[in-house]
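This report refers to the structure that appears directly beneath it.
The values are calculated or read from the model by the stated rules, or taken from the named source; none is laboratory data. Note that the structure is predicted; figures quoted are calculated from it, not measured. Cβ coordinates were reconstructed from backbone atoms using ideal geometry, including for glycine residues, and neighbour counts include every protein chain displayed. The area values use the complete protein model at the heavy-atom level, side chains included, leaving out ligands, DNA and RNA. Shrake-Rupley method; radii C 1.70, N 1.55, O 1.52, S 1.80 Å.
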Amino acid sequence: MATLPSVAVLKAALDNPRAIATKPRARQLHAQILKRHGLSAASLSFVLSVYADLGLLRDSLLVFRSLPCPAPPAAWKSVIRCYASHGLAADALASFSTMRALGRRPDRNVFPSVLKSCASLMDVRLGEAVHGCAVRVGVDGDLYTGNALMNMYAKFRNSGGDVGTGGVAHEVLDEMSQRMNCGNVARQMGSGPDVYRLNSPGQNEMGLMGIWREMCGQRDSVRKVFDMMPQRDVVSWNTVIAGNVQSGMYGEALAMVREMGNANLRPDSFTLSTVLPIFAEHVDVRKGKEIHGYAVRNGFDSNLFIGSTLIDMYAKCACVADSYRVFHMLPQRDGISWNSIIGACLQNGMFDEGLKFFRLMLKDDVKPGPISFSSIIPACSHLTSLHLGKQLHGYIIRAGFDYNVYIASSLVDMYAKCGKIEKAKWIFRNMELHDIVSWTAIVMGCALHGHALDAITLFEKMQMEGVKPTYVSFIAVLTACSHAGLVDEAWKYFNCMTQEFKINPGLEHYAAIADLLGRAGRLEEAYDFICSMPSEPPSSLWSPLMTACRVHKNVELAEKVAERILQVDPESIGTYVQMSNIYSAARRWKEAAKWKVSMKERGLRKKPACSWIEVRNRAHAFLSGDTSHPYYNKINEALEVLLEQMEKDGYKPNTSEVLHDVEEEQKKQLLQHHSERLAIAFGIISTPPGTEIRIIKNIRVCTDCHEAIKFISKIVGREIIVRDNSRFHHFKDGKCSCGDYW
DNA sequence: GTAGGGTTAG
């Protein structure tokens, strides 16, 4: 049992309350003081300040409520500080109001907490009122108060048009003054300041002009406070610099870093981690490295904040190797360092590595937070790993993160990309709040699964709910139109985007329209449309048209397109392959061979068709004609049995898809062993009857396989879901969800 | 009183 503190210890504690560093010690002190000094307001408010310093909200409130009314100013200060440090801004402000209503004069120590609360509630008017109050009390020249003022005004300025949320605090105040008028403030405090916590957002009462005036005003407010401060420290400079960075005023921010020197202040770790994101955004590794060097010379490189900012900066500049180096050099790591290195991998398309770091993080006993999950779930989407995604989803639910908008959006995307569109829709429906990203994710999901009408309906519903479509969401809705052959709708959205929403169409939008025209067989129109682009079309825009030319057997246009592609991208493997295939399909073997030879001469190799399937948590990959799988014999046997039944049901192999100059029987054999058929046959023999089979393929399904899979789905009575490089096909009962349009 | 990591993209 701990011994009670002696009189000497107690005396020491009174001189230096910060020496009490633990909750039990604080409680001991509390008990001792009660024993020696009784319930005097002075001694209790001393205990209160100790509790508040330790951030013990409950204890602080208990002591506060036991104080005789009205409480001394020091007690108010402690409670306000405690509320503010717990992020309970509304409670902090309510207490501040009550304190003033009771005639307690605030001193300079209380303003930083109050101003911070105004900033976090984004309450511009209240913030200005508190500023006025600080001026009247005569503490606006105080260093801490000045710094807090600048921080607040910078936050207001950077919030852009979000001033409306300030209504929350207005309601607090309105309610406060009503209660004040009713008289019994002491009774309210008795029931605890919690009664002031509100959850309904207020309305924006300010007109556009008002907001505009406020914004212009705040541009200067930060600077005005800065200029008028009688003394400034590093924090003052850092605050203004951070404010500038957050509102995109990079030039001014960097100029101020240089100016700091004239004021005899050296940039510290705060300054550096504030300006580093500038170089990340501008992809300027050279300048970023200079800062890194400065950090090393000044011993800041082991700082966790600098570390994660550096990792992020290098990643954004595509220097992941440097991100790794910084990460491994860190003497210790927190959750954010891990999130940074995971994010660094994912931003650079290194999904497996990202997952590796995620596992190491767990092994290192660092608990993944919401941000870890919203970073790692997209890795499952990219790798189409439903198994892993489900596992993580389970973790997310257990941790209670499933209501986080970021995470929910990434889950919607993950399930859609892993073939589970119904699950994606279910999660979307159950989200309590839909932002533009979650809407876009579900619209895109529907588009990929060929649910074009759902996609369009959702896109319209989104706008009815007041969410403005963006660049990316138009890509999603155009993709939906493109996969369903909805040419008129696509044009409608394309025009609506440019004219109504003033969004400049990007490559992706052009690609969707061009792709659509091509698929619809309007090849010349597509060609002209691509040529109408304001800048030189890249090869990625032409290649869908090339595919369309192959599908619609238009050799002449294909030649024109090939020429355009090779102009911008002479190494385009796809073009050589496509041209060779197009000539083969036209039985112009000589020209086909010419393209193949010239491809070989350039040392270009075609990427092989590959299909894979997850069975019992393992991925099994198959190449076309692949005999290497341990169960190959069984797979082949299954394919034979299936083929027999398929032919009885009326399946006729479409050998025109085989672009080799070989005998008819051999062509059938080649078709029979396309990678997707091997994967499907393996799926049929290694999973329980009746369950769905999910295949992923790296290139488009050929028409013959598409036809064959329809028969197979009916014969085995199972749903077969095939994801190719652009969309999903759901085969069921002899039909495909794409309606044979893909 | 100041600082670091996140979701959607044919």
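Near A:ASP123, no amide H atom lies under 5 Å from its own; only residues 5 or more places off or on other chains count, and H is placed 1.01 Å from N. Candidate cross-link partners of A:LYS77 among the lysines, defined by an alpha-carbon separation under 16 Å and a same-chain spacing of 8 or more, comprise A:LYS116. Segment A:GLU559..A:LEU433, full-extension length gain: 40.3 nm, with 0.36 nm per residue of separation and the alpha-carbon distance subtracted. For the stretch A:495-577, the Kirkwood hydrodynamic radius from C-alpha pairs, put into Stokes-Einstein at 4 °C and a viscosity of 1.567 mPa s, yields a diffusion coefficient of 100 µm² per second. Do you know the relative contact order of the stretch A:437-534, to the nearest whole percent, from alpha carbon pairs under 8 angstrom that are 6+ apart? Over the stretch A:437-534, the number comes to 24 percent.
Diffusion coefficient (Stokes-Einstein, Kirkwood radius over C-alpha pairs, 37 °C, 0.692 mPa s) for the stretch A:646-742: 240 µm²/s, rounded to a whole number. Extension gain, A:ARG65-A:GLU571: 0.36 nm per intervening residue step, less the Cα-Cα distance, totals 174.5 nm. Quick one: which of A:LYS553/A:LYS596; A:LYS667/A:LYS710; A:LYS607/A:LYS714; A:LYS600/A:LYS634; A:LYS553/A:LYS697 span more than 26 angstrom between C-alpha atoms? Among A:LYS553/A:LYS596; A:LYS667/A:LYS710; A:LYS607/A:LYS714; A:LYS600/A:LYS634; A:LYS553/A:LYS697, the Cα-Cα distance tops 26 Å for A:LYS607/A:LYS714; A:LYS600/A:LYS634. Along each principal axis, taking the top coordinate minus the bottom one, the Cα set of the stretch A:428-520 gives 40, 29, 19 Å in descending order.
Over the Cα atoms of the stretch A:27-128, the radius of gyration divided by the Kirkwood radius equals 1.00; this is the Rg/Rh ratio. Mean residue ellipticity at 222 nm, helices only, chain A: -20500 deg cm²/dmol; runs of at least 4 DSSP H residues each add -39,500 (n - 2.57), and the sum is divided by the number of residues. Cβ under 11 Å from A:GLY343's Cβ, A:GLY343 left aside: what net charge do those residues give with Lys, Arg +1 and Asp, Glu -1? Result for the local shell: 0. To the nearest 0.05, how large is the calculated FRET efficiency for A:LEU360 and A:LYS607 if R₀ is 51 Å and r is the Cβ-Cβ distance? With a Förster radius of 51 Å, E is 0.95. Working value for the stretch A:238-278: equivalent-ellipsoid semi-axes of 16, 11, 7 Å, each the square root of 5 times a Cα gyration tensor eigenvalue, largest first. Using the average count of surrounding beta-carbon atoms within 10 Å as a protection proxy, the listed peptides A:448-459, A:601-612 rank, highest first, as A:448-459, A:601-612. Please tell me which of these pairs span more than 21 angstrom C-alpha to C-alpha: A:LYS606/A:LYS652; A:LYS417/A:LYS732; A:LYS468/A:LYS502; A:LYS648/A:LYS668? Over 21 Å apart, Cα to Cα: A:LYS606/A:LYS652.
If the segment from A:TYR741 to A:ALA321 were pulled out straight at 0.36 nm per residue, it would be longer than the present Cα-Cα gap by 146.8 nm. Using heavy atoms of the protein chains and a probe of 1.4 Å, the accessible area assigned to A:ASP569 is about 50 Å².
Only the Cβ atoms of Lys and Arg (+1) and of Asp and Glu (-1) were treated as charged; on that basis the dipole of chain A about its Cα centre amounts to roughly 2260 debye. Please state the shape class of the stretch A:480-621: rounded when a/c is under 1.5, otherwise prolate if a/b exceeds b/c and oblate if not, all from the C-alpha gyration tensor. Taking the square roots of the gyration eigenvalues as a ≥ b ≥ c, the stretch A:480-621 is oblate. Roughly how many whole Å is it from the C-alpha centroid of the stretch A:413-473 to that of the stretch A:532-610? Going from one Cα centre to the other spans 35 Å. Label-to-label distance for A:TYR250 and A:LYS35 is 6.4 nm, based on points extended 7 Å past Cα in the beta-carbon direction. Here the Karplus curve 6.51 cos²θ - 1.76 cosθ + 1.60, taken at θ = phi - 60°, turns the phi angles of the stretch A:519-526 into couplings of 4, 6, x, 8, 5, 5, 4, 4 Hz, with x standing for Gly and Pro. For chain A, the carbon plus sulfur part of the accessible surface works out to 54%, probe radius 1.4 Å.
Within chain A, the proportion of C-alpha pairs whose separation exceeds 36 Å stands at 59%. Evaluated with a Cβ-only charge set (Lys, Arg +1; Asp, Glu -1), the stretch A:516-603 carries a dipole of roughly 540 debye about its Cα centre, given to the nearest 20. Residues whose amide H comes within less than 5 Å of that of A:CYS610, counting only those at least five positions distant or on another chain, are A:ASN698, A:ILE699 (H built at 1.01 Å from N in the peptide plane).
Treating r as the C-beta distance of A:ALA101 and A:ARG58 and R0 as 22 Å, the FRET efficiency rounds to 0.35. Relative contact order for chain A: 5 percent, from Cα pairs under 8 Å spaced at least 6 residues apart, divided by residue count.
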